[in-house]
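The values are calculated or read from the model by the stated rules, or taken from the named source; none is laboratory data. What you are looking at is a predicted structure, and each value in this text was computed from that prediction instead of being measured. Neighbour counts are summed over all protein chains in view; Cβ atoms, including those assigned to glycine, are modelled from backbone coordinates with ideal geometry.
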Amino acid sequence: MLSASAAVIVGLVILVWSADKFVIGAAATARRLGMSPLLVGLTIVAMGTSAPEMFVSAMAALDGAGNLAVGNALGSNITNIALVLGVTALISPIPLQKKLLKKELPLLVLISIIGGLTLADLELNMIDGLILIGAMIVALYLMFQESSESGEAVVEEDEAAEIENTPLSKAVIELLIGLLALMISSKMLVWGATLIAREFGISDLVIGLTIVAIGTSLPELAASVVSALKGHHDIAIGNVIGSNMFNLLTVMPIPGLLAVTQVDALALYRDYAVMMVLTIALLVLFLLSYRKGKLGRIPGAMLTTSFVAYMTTLFFMANQ
């Protein structure tokens, strides 16, 4: 039991560290091989925040814990909206941009609906996985078009400078070290989490929704809080919206692509429902707050409170 807890803690720490190394290494390698900063920002850096979830889901699916992978994707999205954005808004009100209302948020709602349709039969299979991957390609195309029009990619200044200044040899080494560490730490995290779940009689789904989802969302939480404190609010909210899209389109398909996965009914009727309500609530809060020009501390407190309420509900249901 102690070794399982240690595996979860050490796995999470290495996972967060290695994800950063992997993203910078991959982005710098791509940049050195001729990719534009715009394309790097829209693809590698954007998907990089979902790298921990992707690796954890792959390892979980291979270990026969498909529901942990599904819980990870749904739980990470719930955590991103309710905890990450909630805490960020509490620290510093988030200025709202019109383009988020016109494209990104409606696109996130649409992607969330598509994700729900793939779960509707309580099974994830190859066709479901391919539908979600296809939607990811379309979403990337739409985001690339928008950024081409504005000439901007959402990449933090410090991160962009590091990508530009990293030589190819160092970039490849960081990429390989980050990739290896991601694989090892993901395996540790899944092994420890499933062992704890079985010891206490808690389902893989609940472990995925709580320990694993919160742990793999730490990069988003750290990045969003630091971005807000630095005044890069567009990065804070853009990071959450982009990450949620990639969680549904690149993390959730993994169990279905690797093997036919039976999905726990609670994942659809409880957890997906909570994620969908929070996604729509974010859109509504955006509309209500748009005249003020920022997502203030009251909406932040509402989101954070909803996260605490959801976690409390999971705890009581798990102990019944």
State which residue is modelled with the highest pLDDT when the search covers only the range 182-192 and only residues that are surrounded by 18 or more Cβ atoms within 10 Å (Cβ to Cβ) and aliphatic (A, V, I, L, M).
Met188
List the helices (runs of 4 or more DSSP H) inside the range 218-320, counting only whole elements, that have at least 3 residues being buried (at least 22 other Cβ atoms within 10 Å of the Cβ), at pLDDT below 95 and among the hydrophobic types (A, V, I, L, M, F, W, C).
233-246
So, Ala301, is that one among the small types (Gly, Ala, Ser), under 20 Å from Ile133 (Cβ atoms) and touching a helix residue (DSSP H, G or I) at 6+ places or on another chain (Cβ under 9 Å) or not?
no
Among (1) touching a Pro at 6+ places or on another chain (Cβ under 8 Å); (2) surrounded by fewer than 22 Cβ atoms within 10 Å (Cβ to Cβ), where does Ala89 come up short?
(2)
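Can Ala30 be described as at pLDDT 85 or above, over 12 Å from the mean Cα position of the chain (by Cα) and surrounded by fewer than 24 Cβ atoms within 10 Å (Cβ to Cβ)?
Criteria not met by Ala30.
Would you check which residues across the range 104-123 are over 19 Å from the mean Cα position of the chain (by Cα) and surrounded by 13 or more Cβ atoms within 10 Å (Cβ to Cβ) and list them? Lay out the reasoning, then the answer.
To start, the set of residues in the range 104-123 that are over 19 Å from the mean Cα position of the chain (by Cα) comprises 117, 120-123.
Correct list: Leu122, Glu123.
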Meets criteria (more than 19 Å from the chain's Cα centre (by Cα), in a helix (DSSP H, G or I) and either closer than 27 Å to Gly11 by Cα or modelled with pLDDT of 75 or more (or both)) for Ile207:
no
When the range 69-102 is examined, which residues are found to be farther than 14 Å from Pro299 by Cβ and either over 19 Å from the mean Cα position of the chain (by Cα) or among the acidic types (Asp, Glu) (or both)?
Gln97, Lys98, Lys99, Leu101, Lys102
In the range 279-296, how many residues are of a type in the set (Val, Ile, Thr) and either in contact (Cβ under 8 Å) with a residue 60 or more places away in the chain or touching a Leu at 6+ places or on another chain (Cβ under 8 Å) (or both)?
2
